[in-house]
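Nothing in this text is a laboratory measurement; each read-out follows from the coordinates by a stated rule. All values reported here derive from a predicted model rather than from experimental measurement. FYI the Cβ positions are ideal-geometry reconstructions off the backbone, even for glycines, and counts take in every protein chain you see.
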Amino acid sequence: MLLNMLLLPFMIYQSIGTKIDFSYDYAVFKRTDTIYLHFYYEIPHLNLFFYKQDEHFVNRHQISLQLLEKKELVAGQLFTRMIQVDTYDETQQQKLRTNDSLNITFNLRNKKTDKLNVLLKFNDLHSANEQDYQFSVELPVNISQMLFYTNNTVNPGRTYSQESAQTDTLNLYLEIYNQNVSYCSLFITKPVETRTAHPSFRRPKREKPVTVVREYLEIENWKGKTEDGKWYPLQYSLALANLADSLAGSCQLKVLGYNVNNRKLFETESDFVVETSRFQNDRDYYDLVDKLVYITTEAEMKRLKQVPVAERESIWHAFWKQYDPTPTTEINEQEIEYFERIDYCVQNFSKGDNGYRSQRARVYMKNGHPDFIESRPFERYTNPIEIWYYYALGRKYVFVDYHGFGEYSLYEETRI
């Protein structure tokens, strides 16, 4: 069954109540009397509501940031952002993301504790999509939090790709405030799976993490004027080209600071991820092939699973070449769109339902985003209902959750 991947340029796009794929990171920097909270976020265009304005597609959203000491509000600000793209296709891509930063300040003279609670609220202004987040930040004493970059662009998800490792660089930035620091040691380690305990032992034997990278960083030329407080910007870059295989998976980056007498003054650590190639790992590759269920046959999927590891990537690209609308370019828009829809189904139809194999997913994979979703999750005398409207197609789909656990079944399909 060949999936019709062509989408019509609807005037308004985005379902209501969609869970937002919102990645964020932050760091707190200080000067003499002021704390600066730098907040970074990224969000896929696919999760945003765009409307047609003249010849463009526009999204407007707001982010509210509030800083609290215990329950007392000490600082806050409301930020409004606008995204403008030229084509409808740009609103539909999961991998096309907006990346932005927000900054808020707090006077240290008002400080009562060494920890602040942060309340964040994201609101898509032209839909019902909103999401709340809450986290705590430690006010810096010796050092700030780490910020991770990819090729000098902040990476809020701290995720790097093994497939693009040949060109990607991991960049790190943090600030040091303890003027007694003479040098730093930097380690990147990989966890080792715990081995099964010997019957004579009460506990399993714990393996030490494997150190993949170790660097010595000398501290020189402190920045800042005396009245603004001394601080040192520690920056580190690591080309991933020769280390992607060694770092594949979850990693930990640790920085330790020492004085001239080799006494440790601080230690800080953060996690990041290097995603593995989808063709090398059997489980990932088989899962990828299984997701072709809407575009090919069981026999073809079985054939793809039997391809030797060394040939998987070339065979995979050959398979998708037959569906490529622009075969002379490097990008296969059909493949990208297909798996963006699969990802959307996994993210939004997995809680209590069957993800990309659910009945809602079948409709979504065939028709794309509904123009409007009418959701009735708390009906008093009926089961939860979702009604999907496709105005350009003239179709309406009614889904019912018969058991109340989130598994929606297609009740009827009618014309509108």
Could you work out how much longer the chain between residue 252 and residue 318 gets when fully extended? Use 0.36 nm per residue separation minus the Cα distance between them, nm to one decimal. 20.1 nm
Listed residue pairs exceeding 25 Å between alpha carbons, taken from 70/121; 70/351; 71/351: 70/351; 71/351
Gaussian network model of the chain, Cα within-10 Å springs - most flexible of 87, 297, 328: 328
Counting every Cα pair in the range 1-139, what percent are over 25 Å apart? 38
Among 44, 156, 325, which one shows the biggest mean-square fluctuation in a GNM of the chain, springs joining Cα atoms closer than 10 Å? 325
Can you tell me the Rg and Dmax of the chain, counting just the alpha carbons, in angstroms? 25.2, 79
Distance between Cα centroids, the range 299-317 to the range 363-416: provide it in whole Å. 36
Estimated D of the range 107-167 in µm² per second, where Rh is the Kirkwood radius over Cα pairs and Stokes-Einstein applies at 20 °C, 1.002 mPa s: 139
Could you list 269, 163, 55 so that the one with the fewest beta carbons within 10 Å of its beta carbon is first and the one with the most is last? 55, 269, 163
Just to be sure I understand: with springs between alpha-carbon atoms less than 10 Å apart, which residue in 365, 82, 146 has the highest mean-square fluctuation in the Gaussian network model of the chain? 82
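Taking neighbour counts of Cβ atoms within 10 Å as a proxy for exposure, in what order, fewest first, do 411, 364 appear?
Ranking 411, 364 by Cβ neighbours within 10 Å, fewest first, gives 411, 364.
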Quick check for me: using +1 on Lys/Arg Cβ and -1 on Asp/Glu Cβ, what's the dipole size of the range 278-322 about its Cα centre, in debye to the nearest 20? 60
Just how far, in whole angstrom, is the range 277-292 from the range 121-185 if you go by their alpha carbon centroids? 30
